[in-house]
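> Quick one: this structure, given as structure tokens, is what I'll be asking you about.
The values are calculated or read from the model by the stated rules, or taken from the named source; none is laboratory data. None of the values given here were measured: they were computed from a predicted structure. Cβ coordinates were reconstructed from backbone atoms using ideal geometry, including for glycine residues, and neighbour counts include every protein chain displayed.
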Amino acid sequence: MTYLLLKAAISGVLIALASEVARRNAGIGALIASLPLVSVLGMIWLWRDTHDPARMADHAGATLWYIAPSVPMFVLIPWLLRHGIGFWPALGLGCGLTFGLYLLMLWASNRWGIPL
């Protein structure tokens, strides 16, 4: 249980850091937020828990395929905000788009035999 709390605390501190920096400088906050911190921390925690190279390779490879469907959200949200759509609707539409693209990715990966 202590290990789980430690993982959650470290991960939470990084997210809080990104949001606090963004309040002062949007560009630097965005840089911190764009770093693959969740992926890297997930790989560190997975490696520490399993020491399994095959599982790690599968995880890293699958992560690559999930990045592409999330990118359009970062195009849609600023576009909507700049065109007068409120934050919450823009965020909801961006998340909805990402969810739909994740479903499309799952369908495509099954169709083309890409292991996820």
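> Starting from the range 16-28, take each residue that is closer than 17 Å to residue 38 by Cα and list its partners that are surrounded by 11 or more Cβ atoms within 10 Å (Cβ to Cβ) and aliphatic (A, V, I, L, M), counting only C-beta distances under 6 angstrom and pairs at least six apart or across chains.
Close Cβ pairs satisfying both conditions: 18/32; 18/33.
> Now for a separate question. Which of the residues spanning the range 79-116 are exposed (fewer than 12 other Cβ atoms within 10 Å of the Cβ) and polar (S, T, N, Q)?
110
> Still on this structure, please answer the following. Mind telling me which of the residues 44, 67, 32, 28 ends up being surrounded by 14 or more Cβ atoms within 10 Å (Cβ to Cβ) and at negative phi? I'd like the intermediate steps shown before the answer.
Working: 44 fails: surrounded by 14 or more Cβ atoms within 10 Å (Cβ to Cβ); 67 fails: surrounded by 14 or more Cβ atoms within 10 Å (Cβ to Cβ); 28 fails: surrounded by 14 or more Cβ atoms within 10 Å (Cβ to Cβ).
Testing whether each residue is surrounded by 14 or more Cβ atoms within 10 Å (Cβ to Cβ) and at negative phi leaves just 32.
> Hey, residue 73 hits all of (1) without any contact (Cβ under 8 Å) to a residue 24 or more places away in the chain; (2) of a type in the set (A, V, I, L, M); (3) touching a Gly at 6+ places or on another chain (Cβ under 6 Å) but one; which does it fall short on?
(1)
> With in contact (Cβ under 8 Å) with a residue 40 or more places away in the chain and either part of a helix (DSSP H, G or I) or surrounded by 15 or more Cβ atoms within 10 Å (Cβ to Cβ) (or both) as the only criterion, which of 58, 49 stands out? Explain how you work it out, then say what you get.
On the way: 49 fails: in contact (Cβ under 8 Å) with a residue 40 or more places away in the chain.
Of 58, 49, the one residue that is in contact (Cβ under 8 Å) with a residue 40 or more places away in the chain and either part of a helix (DSSP H, G or I) or surrounded by 15 or more Cβ atoms within 10 Å (Cβ to Cβ) (or both) is 58.
> If I filter the range 30-41 down to residues being modelled with pLDDT under 85 and assigned to a helix (DSSP H, G or I), which single residue comes out as nearest to residue 59 (Cα to Cα)? Talk me through it step by step, then tell me what you get.
Of the residues in the range 30-41, the ones modelled with pLDDT under 85 are 30-38.
Going one step further and asking which of them are assigned to a helix (DSSP H, G or I), we end up with 30-34, 37-38.
Working: 30: 25, 31: 24, 32: 22, 33: 21, 34: 19, 37: 15, 38: 13 Å.
Per the stated criteria, the residue is 38.
> Cβ-Cβ below 8 Å, separation at least six or inter-chain, first residue in the range 96-116 and under 12 Å from residue 67 (Cα atoms), second modelled with pLDDT of 95 or more and surrounded by 15 or more Cβ atoms within 10 Å (Cβ to Cβ): which pairs?
98/73
> Any residue that is under 30 Å from residue 1 (Cβ atoms) and of a type in the set (S, T, N, Q) - is there at least one of those in the range 83-100?
If we filter the range 83-100 for residues that are under 30 Å from residue 1 (Cβ atoms), which is where we start, we get none.
No, the range 83-100 contains no residue that is under 30 Å from residue 1 (Cβ atoms) and of a type in the set (S, T, N, Q).
> Within the range 43-62, identify whether any single residue is in contact with a helix residue (DSSP H, G or I) (Cβ under 6 Å, 6 or more places away or on another chain) and among the hydroxyl-bearing types (Ser, Thr, Tyr), and answer yes or no.
no
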